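Scroll down for the structure; my scribbles are underneath it.
Nothing in this text is a laboratory measurement; each read-out follows from the coordinates by a stated rule. All values reported here derive from a predicted model rather than from experimental measurement. Don't worry about glycine lacking a Cβ; one is built from the backbone with ideal geometry, like all the others, and counts go over all protein chains shown.
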Amino acid sequence: MATTMALSPYRNSLVISLRLLLVLEWVIFLSFHWSFGYAELQTFHHPLKPDGSISFLVIGDWGRKGYYNQSEVAQQMGRKGEEMNIDFVVSTGDNFYDNGLKDINDPNFQESFTNVYTAKSLQKPWFNVLGNHDYRGDVKAQLNPILRKTDSRWLCLRSFILNTEVADLFFVDTTPFVEEYFTSPDGQFYDWRDILPRQYYIANLLKDLELALARSTSTLKIVIGHHAIRSIAHHGDTIELIHMLLPMLQDNNVDFYINGHDHSLEQISCMGSPMQFFTSGGGSEAWRGDEKGLGDNKCAVNFFYDGQGFMSTQISSTNAKFVFYNVNGETLHSWNRSKLFHSSF
Ligand SMILES: *[C@@H]1O[C@H](CO)[C@@H](O)[C@H](O)[C@H]1NC(C)=O
Ligand SMILES: *[C@@H]1O[C@H](CO)[C@@H](O)[C@H](O)[C@H]1NC(C)=O
């Protein structure tokens, strides 16, 4: 009896500490689960036109208060948008220069978006990803749904899916993949809230994307990010994406990868894979004039334009067509892939 009495306080505190440890483990586990967890990517749906197709414009690297031909490009987008009766607009990021939005009340939002893309045909949903310049401001401002009160077209998430009956579009947040922004930010501020630790963020994003790609039953899969996988312009290939993202896209039969970042218009394809790489980053400042060679000799440039412009995409159940336009709305390059002539897209 005496022995039990003596042991009991010790045993009790041991039990309590063990319980505390268990609770602590759960707290850690759950917080990882919530912040880096198996979140399914948010999915939006867009209906087909009565003829069974969808069409949209793709613009990147644009928000400069109308300067550097941004307004001229916007005007031609309005014309093409009208002609094609577009369903929505896709932005490949770098939405607001130089440093994203300061906060949700930043007048740059209206000056570079609402007041520039004024054509009637462009009053459609805008599906936006973030570019590296967007990360230099208050990233959460661009992600804040409150912006839709200012302009109802605006939709920006880090990564998400747009589901249509003829194609699935996967929007991917590529900025956190680029090592240089973390290791040598060159005096620039980056808003990494919710991104750190970076390895967890990337691992979970890739896991979520892989799951979504594998689940997709669409005959056509399009992935959209800010950074190029393949490019011959100023920034060139993004090595991190070639290593971490490209194999997953190929394994899951992704048909097209679309990006901005380089202020140019490009189409590149590589031997041994039907995937096409499209760059549409000509929304405003362009003409860098420093074309590079291809990073991989198995790849070939189908089209390259160093100036301003945009891209249109039309998809039906039998054909996917891409057209590039310059600042005057003239067609620079047109390419299509027909399901009738291929076993698959
Ligand atoms: C605007 O576009 C025209 C036609 O391509 C070009 O000559 C001019 O340099 C562009 N302006 C700027 C600031 O890029
Ligand atoms: C697709 O491209 C081929 C040439 O490659 C062309 O003959 C055909 O008319 C194009 N189809 C469409 C729908 O644009």
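Decide, for the stretch 242-322, between rounded, prolate and oblate: order the square roots of the alpha carbon gyration tensor eigenvalues as a ≥ b ≥ c, take rounded if a/c falls under 1.5, and otherwise choose prolate if a/b is larger than b/c, else oblate.
Values: a/c = 1.97, a/b = 1.25, b/c = 1.57.
Since a/c reaches 1.5 but b/c is at least a/b, the shape of the stretch 242-322 is classed as oblate.
Quick check on packing: order 304-311, 174-181 by the mean number of other C-beta atoms within 10 Å, highest mean leading. Working shown, then result.
Details: 304-311: 22.8, 174-181: 20.1.
Top of the packing list down: 304-311, 174-181.
How would you rank HIS46, HIS261, HIS226, going from fewest to most other Cβ atoms within 10 Å of each one's own Cβ?
Values: HIS46 17, HIS261 28, HIS226 31.
Final ranking by Cβ density, sparse to dense: HIS46, HIS261, HIS226.
Quick one: if you stick a label point 7 Å off each Cα along the C-beta vector at ASN163 and ASP194, how many nm between them?
2.2 nm
How much of the DSSP bridge set in the chain is antiparallel, in percent, rounded to the nearest 5? Show your work: numbers first, answer last.
Working: 34 of 60 bridges.
Bridges in the chain are about 55 percent antiparallel.
Using the Cα centre of the stretch 189-345 as the reference point, and only Cβ charges (+1 on K/R, -1 on D/E), how large is the resulting charge dipole? Debye, rounded to the nearest 20.
Working: 12 positive and 16 negative charges, 107 e Å.
Once rounded to the nearest 20, the dipole reads 520 debye.
With r as the distance between the Cβ atoms of THR183 and ASP290 and R0 = 22 Å, compute the FRET efficiency 1/(1 + (r/R0)^6) and round to 0.05.
On the way: r = 23 Å, r/R0 = 1.06.
Efficiency at R0 = 22 Å is approximately 0.40.
Considering amide H positions built from the backbone, and no H for Pro or chain starts, which residues 5 or more places from ASP262, or on another chain, come under 5 Å of its amide H?
ALA228
Label the stretch 196-345 by shape, choosing from rounded, prolate and oblate, from the square roots a ≥ b ≥ c of the eigenvalues of the Cα gyration tensor; if a/c is under 1.5 it is rounded, and otherwise prolate applies when a/b is larger than b/c, oblate when it is not.
It comes out oblate by the Cα gyration axes.
Per 0.36 nm of contour for each residue apart, how much would the distance between LYS207 and ASN302 grow if the chain were fully extended, relative to their Cα-Cα spacing? Don't jump to the answer; show the numbers that get you there.
Working: separation 95, 0.36 × 95 = 34.20 nm, distance 3.18 nm.
Net length gain for the segment: 31.0 nm.
Ranking request for peptides 317-330, 82-95, 286-299: highest mean number of other beta-carbon atoms within 10 Å first, then the rest in descending order.
Working: 317-330: 17.7, 82-95: 22.1, 286-299: 13.2.
Result, highest mean Cβ count within 10 Å first: 82-95, 317-330, 286-299.
Given C-alpha coordinates of the chain, what is the ratio Rg to Rh with the Kirkwood estimate of Rh?
On the way: Rg = 23.3 Å, Rh = 21.3 Å.
When Rh is taken as the Kirkwood radius, the ratio is 1.09.
Just checking the chain: which Cys have no other cysteine's beta-carbon under 4.7 Å?
Flagged as lacking a Cys partner: CYS156.
How would you order 227-234, 120-127 from highest to lowest mean count of nearby Cβ atoms within 10 Å? Kindly include the intermediate steps, with their values, before the conclusion.
Details: 227-234: 24.2, 120-127: 18.0.
Answer by packing, highest mean first, reads 227-234, 120-127.
Specify which residue in the list PHE310, LEU122, THR238 is farthest towards the positive end of the charge dipole of the chain, using unit charges on the beta carbon of Lys, Arg (+1) and Asp, Glu (-1), about the Cα centre.
Farthest towards the positive pole: LEU122.
Take each uninterrupted DSSP H stretch in the chain, measure its Cα extent along the helix axis, and return the ones at 15 Å or beyond whose mean Kyte-Doolittle hydropathy is at least -1.0. Let's see the in-between values first.
Numbers: long enough: 2-35 (50 Å, 0.99); 70-84 (21 Å, -1.41); 198-215 (26 Å, -0.03).
Qualifying helices, which must be both long enough and hydrophobic enough, are 2-35, 198-215.
Using a 7 Å offset from the Cα along the Cα-to-Cβ direction at both THR114 and ASN328, what is the distance between the two label points in nm, to one decimal?
Taking the two extended label points, one gets 3.4 nm.
How much length is gained on full extension from ARG215 to ILE146, taking 0.36 nm per residue of separation minus their Cα-Cα distance?
On the way: separation 69, 0.36 × 69 = 24.84 nm, distance 3.13 nm.
Extra length from ARG215 to ILE146 when fully extended: 21.7 nm.
Using just the helices of the chain, give the 222 nm mean residue ellipticity in deg cm²/dmol: DSSP H runs with n ≥ 4 each add -39,500 (n - 2.57), and the total is spread over all residues, rounded to 500. Present the calculation step by step, with values, prior to reporting the outcome.
Details: 8 runs with 92 residues, N = 345.
The helix-only estimate for the chain comes to -8000 deg cm²/dmol at 222 nm.
Name the long-range amide H neighbours of ILE224: under 5 Å, sequence gap of 5 or more, or other chain; modelled H, no Pro or chain starts.
HN-HN under 5 Å from ILE224: PHE170, PHE171, VAL172, ILE258.
With labels modelled as points extended 7 Å from the Cα through the Cβ direction, what inter-label distance (nm, one decimal) is found for LYS321 paired with LEU48?
1.7 nm
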